[in-house]
Each structure stands twice: as C-alpha cells, then as structure tokens.
Amino acid sequence: QAQLVESGGGLVQPGGSLRLSCAASRRIFNIYIMDWYRQAPGKQRELVAAVTPGGNTNYADFVKGRFTISRDNAKNTVYLQMNNLEPEDTAVYYCHSKIGVDYWGQGTQVTVSS
C-alpha cells in the first residue's frame, strides 16, 4: 500500500524554524510531483510548495523567501524547511502526490505562538 508519512511538526515561537519530512512508502513517488499543503482551522486546504522529480520548485506567494521544499529520491523523502515562521503559518501540514489518485499523509501540526 502506497502511503505518505509526515513528521517534524511542533510548537515554535514567531521567527523560529522547523523542518518537515514526508517519507514515501514506495519509490514510485520519486517520478511524480510532490507537494505540501496546509489547512488552518476554519480555512480551506491550500498549496504551500511543490517539487518536480528533477528538483524544480514552486511556492505560494505567502511563503516565498521563507520556505524551501526539497527532495531526496534516494531516501524517498520530501522536506519542507520553514524559516521565519509567523503565527499565520499555524496549520496542519500535509504531504501530497497524485499518481492517478490523490495520496495524502495524515498531517503534522505546526503551531507558531509566543
């Protein structure tokens, strides 16, 4: 069964950093676009960043210059480095890929608060 498992969330103060990881259970994910979404309470899920199999990246305007998405295909893992975090970044962060159907991880909570 193909699955995605996120880790690395937690509580951080404004201005702090976190690195999220998404481990894929199968190597097939290495040949597809992988992305991170987030969903804050009462809001719709939104795209944060995406990375192609070759490493090209795309970011939502609200994270440009602060977040970096990357992937290590040898480890079947995608990362989201989040710097200069703001309270507005508080959300559950989900790893996602589409291989015919959508695959979602279980989500990891990120809370930015003093």
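The values are calculated or read from the model by the stated rules, or taken from the named source; none is laboratory data. Quick caveat: nothing in here was measured; it's all calculated off a predicted structure. Heads up, the Cβs are rebuilt from the backbone with ideal geometry, glycines too, and the neighbour counts pull from every protein chain shown. Heads up: the accessible areas ignore ligands, DNA and RNA and are worked out on the full protein's heavy atoms, side chains in. Shrake-Rupley method; radii C 1.70, N 1.55, O 1.52, S 1.80 Å.
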Using the C-alpha atoms of the range 4-60, what convex hull volume per residue, in cubic angstrom, is computed?
-> 113
Calculated FRET efficiency for the pair ARG27/LEU47, C-beta based, R₀ 30 Å, to 0.05 = 0.80
Taking the alpha carbon gyration tensor of the chain, what are the square roots of 5 times its eigenvalues, largest first, to the nearest whole Å?
-> 23, 14, 13
On average, how much accessible surface per residue is there in the chain, in Å², for a 1.4 Å probe, leaving out ligands, DNA and RNA?
-> 54
What distance in nm separates the simple spin-label points at GLN39 and GLN106, each placed 7 Å from Cα in the Cβ direction?
-> 1.6
What longest region of the chain stays clear of trypsin sites (Lys or Arg not before Pro) that DSSP places outside H, G, I, E and B and that have at most 14 other Cβ atoms within 10 Å?
-> 65-114
Please give the contour-minus-distance gain from GLN13 to ILE99: 0.36 nm per residue of separation, less the Cα-Cα distance, rounded to one decimal in nm.
-> 27.3 nm
So, with a 1.4 angstrom probe, what is the percent of accessible area on the range 1-46 that is carbon and sulfur?
-> 46
